[in-house]
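Following: one structure in structure tokens, then a few remarks.
The values are calculated or read from the model by the stated rules, or taken from the named source; none is laboratory data. Since this is a predicted model, take the numbers as computed values, not measurements. Neighbour counts run over all protein chains shown; Cβ positions are idealised from the backbone, glycine included.
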Amino acid sequence: MEIKNIIFILVFIAVTVFFVYSCGNLIRYMLVAKKKDDRFDKPWQRIKRVITIVFGQSKLLREPLAGGIHFFIFWGFVLFLFVVIETIIQGFSSPFTWEFLGPLYTVITSVSDIFGILVIVSVLFALFRRFIIKVPRLQLDVKSEIDAAVILVLILFIVLSMFGQNAASIALNNFQYHNFELRPVSFALSSFFSSQDTASFAFELFWWSHILLIFGFLNFLPYSKHLHVLTAAPNVFFANLDDVRNTLKPLDLEDEDAEYFGAADIDQLSWKQILDGYSCTECGRCDAVCPANIVGKSLSPRNILVQIRKRTKDKAQLLADGITEGEQFEKTLVHDYIEDKVLWQCTTCMACVEECPVMIEHVDSIVDMRRDLVLTESEFPASLNNVFKSLETNFTPWVFNAADRANWAEGLGIKTLAEDNNGEILFWVGCAGSFDDRYKKVSVAFAKLMQKANIDFRILGIEEKCNGDTARRLGNEYLAQMLITENIETLNNYGVKKIVTSCPHCMHSLKNEYKQFGGNFEVMHHTELIEELISDGKIQLKEKGSKEKLTYHDSCYLGRYNNIYDSPRKSLNYLDGFDYVEMERNKSKGLCCGAGGGRMFLEDEEGGKINIERTKEALETGADKIASACPFCMTMLTDGVKHFEKSDEVEVKDIAELVLENSK
């Protein structure tokens, strides 16, 4: 064994021990989290998603330029694993190569050589975008900027040292390829070595540089914002599956030993939420699509995760070591690391979750912190007092009499379940559809469409209560669960199986979250039923000669929450009197109206108004009509049109109204 091998073995042992120690600490810190979170079900579905999102880079490629850069860097590193492993084994036994793999070695060497160039170009372009062009979402504090520069430069020199090592090896072989070797770039570079002595010295220099840079890179990761290199795949694996996509986890309000509800600090989160913090790349994709951040509010989904990671570093180490007193225990994640006002600015639109390349679940953590503020600390905006009181006494977030809930249906001949429970489907009207003067017209329009199609439907009338979404997203889980369980009891008593609703918030709760409490129903949105009725010929449409321009606004709870994009558009495209045009941000990239997450009932105390931003985009299409499919969206867009003084020129209409107006 050569002295080189002995030195390498000592270095390898030291590096490995330190890396295992660092990763072990990260796992220890994760385990201080007390909130239970089972994420080990359906392993094959989880593995499939890792293949798609981590190896296929599907999330990153939603932004083609930046995604392409990352794609080449990522796959370059994956392919370089063969080179790295070869170099490490050479540290134990210098003569080792992968030559014995035969033709496969040809593939390995040629692909790694070509990808090496792609990685160099990608890294240089990444540095150019970050430090020369200064892409806004990539602008961070000085520490993070240095961190990013160090990582990118390390990657650059790892690849350059690989080329140097390979070129010198070819030169040492009398400028000939080894058996089954094919490295066109390295072969071209080998001509720079004028003698065997120079090549021999260069090989040792580049070999040691290559392996030490790799070891340095690896051990820098646990202390860097690029920790995601290690945690991205696990975080994607453990992310929520589609069958519970974007649903909040319930609190056990019956636990008599509970000292708190929600999460005020790091130990009250789950291990997955801490892993989210570790996995944040600080790429800023979440901030770039966050409606609150876009209009100048303080909310930064990225910073929420950065602060979770920072608080974990500050407190979790103490907890893991059994320390429970000191300066750090006088602080909390909420208040000291994350301002209260930031938590109330979130619309829960899920744009951040949709764009995150490592499947971080920002909204879950935000709502958990809201739960702490509402249920444990009773610290929330004063305007919510009336909302919570109305929900508790009138079963609606607005101050309306519950006895008036079915007044909108007078004269339409619509039966309630109490009058006759033999209906084919239940029309869940919702609070806006029952009480809001504008949206009551939508309820009437949709009811008339069902009557035209001979759908035998019923309503609950005064027995219907708020679905609980507003209370739940605002952190009042106690009030939400009260409404949910009472609604489920009513629905189960009538044996309801199938529900249709015109409110995406109602739909999401009834369809996805009521399951948590024993409510299993087949739930569809009214645009789905309308599209089905038109395609089946049960609703006949008029033919028109003149054309108006029409655009459609995607509801977050219909689109990102439930992946319903096609049904509303198909319904609109059936209409003869319109030329359809998309807004710039549409479908999964659509911009929130600003009313979700309880924001409908909160004042804009900072920054601009989200609905104004969205309405501006709608008006820029030149549309005569803006179609919506949600009561909150309709209100916000209507207010936006009024703001721009365009009410005489542009109408905001629900899809049900447009279809009814154009039906025979």
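Key figures
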quantity: Selection from the range 251-303 of residues that are under 21 Å from Tyr223 (Cβ atoms) and in a helix (DSSP H, G or I); calculated: Ile266, Trp271, Gln273, Ile274, Leu275, Asp276, Gly277, Tyr278, Ser279, Arg302, Asn303
quantity: Members of the range 320-355 found to be within 20 Å of Lys249 (Cα to Cα) and in a loop (DSSP other than H, G, I, E, B), listed by number; calculated: Cys346, Thr347, Thr348, Cys349, Met350
quantity: Residue in the range 159-175 that is touching a residue at least 60 places away in the same chain (Cβ under 8 Å), within 42 Å of the chain's Cα centre (by Cα), under 30 Å from Cys356 (Cα atoms) and buried (at least 19 other Cβ atoms within 10 Å of the Cβ) present; calculated: yes
quantity: Hey, Val54 within 30 Å of Thr324 (Cα to Cα) and either of a type in the set (D, E, K, R) or at pLDDT 90 or above (or both) or not; calculated: no
quantity: Of all residues making up the range 438-469, the number that are among the polar types (S, T, N, Q), farther than 16 Å from Arg405 by Cβ and not in a loop (DSSP other than H, G, I, E, B); calculated: 1
quantity: Ile564 being farther than 23 Å from Leu474 by Cα, buried (at least 20 other Cβ atoms within 10 Å of the Cβ) and touching a residue at least 24 places away in the same chain (Cβ under 8 Å); calculated: yes
quantity: Criterion (more than 30 Å from Gly67 (Cβ to Cβ), in a helix (DSSP H, G or I) and small (Gly, Ala, Ser)) met by exactly one of Ser390, Ser378, Ser365; calculated: Ser390
quantity: When residues of the range 542-567 are limited to those that are in a loop (DSSP other than H, G, I, E, B) and aliphatic (A, V, I, L, M), the one farthest from Thr638 (Cα to Cα); calculated: Ile564
quantity: Scan of the range 644-664 for residues that are polar (S, T, N, Q) and loosely packed, with under 14 Cβ neighbours inside 10 Å, ordered by number; calculated: Ser647
quantity: Filter pass, Asp372 being under 24 Å from the mean Cα position of the chain (by Cα), acidic (Asp, Glu) and not assigned by TED's automatic domain parsing to the domain that holds Cys466; calculated: yes
quantity: Residues being within 18 Å of Thr247 (Cβ to Cβ) and in a helix (DSSP H, G or I) - total across the range 485-511; calculated: 11
quantity: Residues being surrounded by fewer than 24 Cβ atoms within 10 Å (Cβ to Cβ) and over 26 Å from Gln273 (Cβ atoms) - total across the range 345-387; calculated: 4
quantity: Out of Glu528, Glu522, sole residue that is among the charged types (D, E, K, R), within 28 Å of the chain's Cα centre (by Cα), at pLDDT 95 or above and within 21 Å of Ala432 (Cβ to Cβ); calculated: Glu528
quantity: Residue in the range 184-192 that is outside the structural domain of Val353 (by TED's automatic domain parsing) and not in a helix (DSSP H, G or I) present; calculated: no
quantity: Phe217, sole failed condition from (1) more than 19 Å from Ser22 (Cβ to Cβ); (2) out of contact with any Ser or Thr (no Cβ under 9 Å at 6 or more places or on another chain); calculated: (1)
quantity: Selection status of Thr393, surrounded by fewer than 16 Cβ atoms within 10 Å (Cβ to Cβ), out of contact with any Ser or Thr (no Cβ under 9 Å at 6 or more places or on another chain) and closer than 19 Å to Gln481 by Cβ; calculated: yes
quantity: Asn246 being surrounded by fewer than 20 Cβ atoms within 10 Å (Cβ to Cβ) and either in contact (Cβ under 8 Å) with a residue 60 or more places away in the chain or within 22 Å of the chain's Cα centre (by Cα) (or both); calculated: no
quantity: Filter pass, Ile499 being of a type in the set (Val, Ile, Thr) and under 33 Å from the mean Cα position of the chain (by Cα); calculated: yes
quantity: Check on Asn401, more than 23 Å from Asp364 (Cα to Cα), without any contact (Cβ under 8 Å) to a residue 40 or more places away in the chain, polar (S, T, N, Q) and not assigned by TED's automatic domain parsing to the domain that holds Thr638; calculated: yes
quantity: Filter pass, Phe96 being outside any loop (DSSP other than H, G, I, E, B), assigned by TED's automatic domain parsing to the domain that holds Phe215 and farther than 23 Å from Cys352 by Cβ; calculated: no
quantity: Residue among Thr198, Thr231 that alone is of a type in the set (Ser, Thr, Tyr), surrounded by fewer than 20 Cβ atoms within 10 Å (Cβ to Cβ) and more than 30 Å from Val374 (Cα to Cα); calculated: Thr198
quantity: Selection status of Thr109, more than 17 Å from Met162 (Cβ to Cβ), modelled with pLDDT of 90 or more and part of a helix (DSSP H, G or I); calculated: no
quantity: Residue count, the range 404-430 (criterion: without any contact (Cβ under 8 Å) to a residue 40 or more places away in the chain and either surrounded by 14 or more Cβ atoms within 10 Å (Cβ to Cβ) or charged (D, E, K, R) (or both)); calculated: 7
quantity: Criterion (assigned to a helix (DSSP H, G or I), without any contact (Cβ under 8 Å) to a residue 12 or more places away in the chain, farther than 21 Å from Leu275 by Cβ and out of contact with any Asp or Glu (no Cβ under 6 Å at 6 or more places or on another chain)) met by exactly one of Ile69, Ile73, Ile85; calculated: Ile85
quantity: Considering residues of the range 608-643 that are small (Gly, Ala, Ser) and out of contact with any Lys or Arg (no Cβ under 9 Å at 6 or more places or on another chain) only, the residue surrounded by the most Cβ atoms within 10 Å (Cβ to Cβ); calculated: Ala629
quantity: Yes/no for Lys515 being touching a strand residue (DSSP E or B) at 6+ places or on another chain (Cβ under 6 Å) and either in a helix (DSSP H, G or I) or at negative phi (or both); calculated: no
quantity: Members of the range 201-214 that are surrounded by 18 or more Cβ atoms within 10 Å (Cβ to Cβ) and either aromatic (Phe, Trp, Tyr) or under 21 Å from Asp37 (Cα atoms) (or both); calculated: Phe203, Phe206, Trp207, Trp208
